[in-house]
Amino acid sequence: MTKEDKQGVAIIGILIMLGVAAFYMSYQLKPKKYSIDTHSLCSKDEVVKLKKIVLIDKSDKWSTHNIEKIDHWLSDIHEGVAMNSRLNILSIAGDDKNITRVKTLFDKCSPGSQADCNALYENCREIKLNYDHAFQEPLLEIIDMLATPGQAQTSPLFETMTEVVDGVESEEAEIHIISDFMENAHKFNFYKEVPDVEKVIKEYALPTDAKITVYMHIIERRKHSRELLDGVKAIWKEYFERQGIRVVSSKRFFIAD
């Protein structure tokens with residue numbers, strides 16, 4: 001074999017290797033098409049990586065200004081949910097029988113931006129419209145709920161939190177709580193006494209293997225003393241942190257009567 005022949009064979013070999021590499025890369029970079037559950041809009045093929053949970057604790061009547069603030073805030077949360085992440089909005093409020101109930105108002109996965117959706121989903125436009133339209137009805141329901149005074153005699157927030165945390169079925173979760181955080185139930189009543197956190201954890205341990213981050217959006221009541229407000233904020237932070245849940249924000253959301 002001449003020198004020229006050997007060079008030709010080498011060039012052909014290199015071209016074949018480059019062709020194989022190019023095919024492999026194009027296969028790897030090809031957008032994956034997801035199979036979607038028509039109700040939740042979540043992928044049937046993958047576990048949800050991030051779940052955003054919003055818990056709205058409604059007990060007293062709120063002003064129009066404060067309701068509008070929550071309206072805009074919820075809209076921003078909805079718009080900011082990343083592709084294949086799940087948004088779950090819950091309310092805790094009293095019904096006409098003075099019983100406190102937790103109600104699911106919205107629970108769907110986001111298809112992401114229009115660019116994300118086009119690259120990854122069949123029927124992209126339809127899925128995007130379903131996600132956006134599904135949010136409008138619960139948003140109106142939330143606004144209606146916020147404009148009506150709560151009717152329940154108790155506010156079992158710790159019990160609610162154990163249920164919410166236990167229901168996390170994702171690799172990570174963000175829990176946004178809009179509340180005055182005034183536990184008022186059979187075992188603990190913050191209006192009478194803010195207990196030691198050890199007693200609370202013993203009664204309401206948080207079972208979870210997920211990586212959870214909590215955001216406390218605090219409603220401060222004018223009728224409460226600064227000492228009580230600070231004490232309630234402190235026990236909730238310690239309640240989460242002692243059980244391995246990170247609290248990255250515990251700020252006042254607004255002031256109410």
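A few remarks follow.
- Packing-based exposure ordering (other Cβ within 10 Å, fewest first) of Val165, Val47, Val247: Val47, Val247, Val165
- Cα-only radius of gyration and Dmax that characterise segment 50-256, units Å: 17.6, 56
- Ordering Glu220, Glu241 by the number of other Cβ atoms within 10 Å of each residue's own Cβ, fewest first, gives Glu241, Glu220.
- Sorted ascending by nearby beta carbons within 10 Å, beginning with the fewest, Trp236, Trp62, Trp73 become Trp73, Trp62, Trp236.
- Three-way shape label, segment 133-257, alpha-carbon gyration tensor, a/c 1.5: oblate
- Evaluated with a Cβ-only charge set (Lys, Arg +1; Asp, Glu -1), segment 151-257 carries a dipole of roughly 540 debye about its Cα centre, given to the nearest 20.
Values quoted throughout were computed directly from the atomic coordinates according to the rules given, and no laboratory measurement underlies them. Note that this is a predicted model, so its numbers are computed, not measured. Positions of Cβ are backbone-derived with ideal geometry, glycine not excepted, and every protein chain shown enters the neighbour counts.
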